[in-house]
Amino acid sequence: MKQLATFLLLMPFAAQAQLGGRAAFPFLSLPPSAQLAALGGMNASARSSDPTQLFGSPALLNAEMDHTAAISYVAYVGDIKQSTAAYVFNTQKRGRFGLGFTYLNYGDIESYDAAGNPLGIFGVNEYAFTGADSYTKGQFTFGLAAKLAVSSIAVNRAVAVAGDAGVLYKHPTQDFTVGLVLKNAGYMLKPYIASVREPLPLDLQFGTTIKPEHMPLRFTLTAHHLQKWDIQYLDPNDAGTTNANGDTTRASKNFGDNLARHFTVGAELLLGTGFHVRVGYNQLQARELRLANTSGAAGFSFGAMLRISQFQLDYTHATLQAAGSSNYFTLSRSLDSFLKKKE
């Protein structure tokens, strides 16, 4: 029960949450793997054998992941690329553990002085180490994860520590799970500017996953940023629209849109144990990343999982906005055969 006690102690940090670029280390909120991206970018309840799910919630660690390693790669717009690795193992006596590392590289950026003279190029990158632990008691799994995050711009560097705490309930007989996770509760150890510490991208999520009996479909619904009701953003520079009578109408906040921004939805078509098709939608992403005249299918994602022998390949195509999209690739494999040979 120590995991549950720690989870409750972390809850007060929820009041520090910020959105709209007001939090440091925003890359901690990015989905680093294909399956997470396919389910709308967030997952607190859908279990699988993919060890990269520890980035969604440490409570998702389960026996199907034991001794499984995974690597993931995604290319964002321009030269921005992210690579991720994860491994889950079970010590039998001390519980189930997960290790993860994610690295985000923004490419080489040209530098200029105030007069516009070139000064060469510099690099920008961010990375995080994650260690997770889970404990199962009856139908409940409790999980904790600790993170060390580093952000570098040229010779400047910022460092932060963060943690995730999650709990998952699995129905004893039906394919039904409910999960709660608090993500990225932490503190900047070393800010870019001395004495100017920013909040981390904290997020309280609640999700449920259900597969109706006799149907080859599994549905996932995730509510996020539950610690902050108003997550709508209105551009202060938006001039609005003017009709034929000269009346100007500007966008305003409304209950329905704000509520919808708190949810992501995902679905999986289970075509046997070796092939799944996935689709997801993120309303917050769709609203925030749409262009002035079109959304360009922003917020939608679709992908598939193919399992051959001991290898599993996951792919997801996620649309960021009309100007660009991203392709996620995750390859995982059980290492049981290697471990047995070693023994």
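The values are calculated or read from the model by the stated rules, or taken from the named source; none is laboratory data. Note that the structure is a prediction, hence the values are computed from the model and not measured. Cβ coordinates were reconstructed from backbone atoms using ideal geometry, including for glycine residues, and neighbour counts include every protein chain displayed.
Below are the figures for this structure:
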quantity	calculated
Single match in Tyr169, Tyr135 (criterion: touching a residue at least 40 places away in the same chain (Cβ under 8 Å), assigned to a strand (DSSP E or B) and closer than 18 Å to Ala63 by Cβ)	Tyr135
Residue match in segment 234-243 (condition: on the phi > 0 side of the Ramachandran plot, assigned to a loop (DSSP other than H, G, I, E, B) and surrounded by fewer than 13 Cβ atoms within 10 Å (Cβ to Cβ))	yes
Criterion violated by Leu144 - all others in (1) hydrophobic (A, V, I, L, M, F, W, C); (2) surrounded by fewer than 17 Cβ atoms within 10 Å (Cβ to Cβ); (3) touching a Phe, Trp or Tyr at 6+ places or on another chain (Cβ under 9 Å) satisfied	(2)
Criterion: surrounded by 22 or more Cβ atoms within 10 Å (Cβ to Cβ) and among the β-branched types (Val, Ile, Thr) - qualifying residue of Val77, Val88	Val88
Residue satisfying all of: in segment 184-197; among the hydrophobic types (A, V, I, L, M, F, W, C) and in a loop (DSSP other than H, G, I, E, B); farthest from Phe263 (Cα to Cα) among these	Ala194
Residue count for segment 34-76, restricted to those that are of a type in the set (Phe, Trp, Tyr) and farther than 18 Å from Ala165 by Cα	2
Of all residues in segment 299-326 being over 21 Å from Val265 (Cβ atoms) and not small (Gly, Ala, Ser), the one that is surrounded by the fewest Cβ atoms within 10 Å (Cβ to Cβ)	Ile308
Of all residues making up segment 276-299, the number that are at pLDDT below 95, over 15 Å from the mean Cα position of the chain (by Cα) and part of a strand (DSSP E or B)	0
Selected residue [modelled with pLDDT under 95, among the polar types (S, T, N, Q) and part of a strand (DSSP E or B)] from Ser111, Ser83	Ser111
Residue count, segment 66-80 (criterion: more than 30 Å from Arg94 (Cα to Cα) and outside any loop (DSSP other than H, G, I, E, B))	3
Identity of the residue in segment 198-225, without any contact (Cβ under 8 Å) to a residue 40 or more places away in the chain and part of a loop (DSSP other than H, G, I, E, B), that ends up surrounded by the fewest Cβ atoms within 10 Å (Cβ to Cβ)	His214
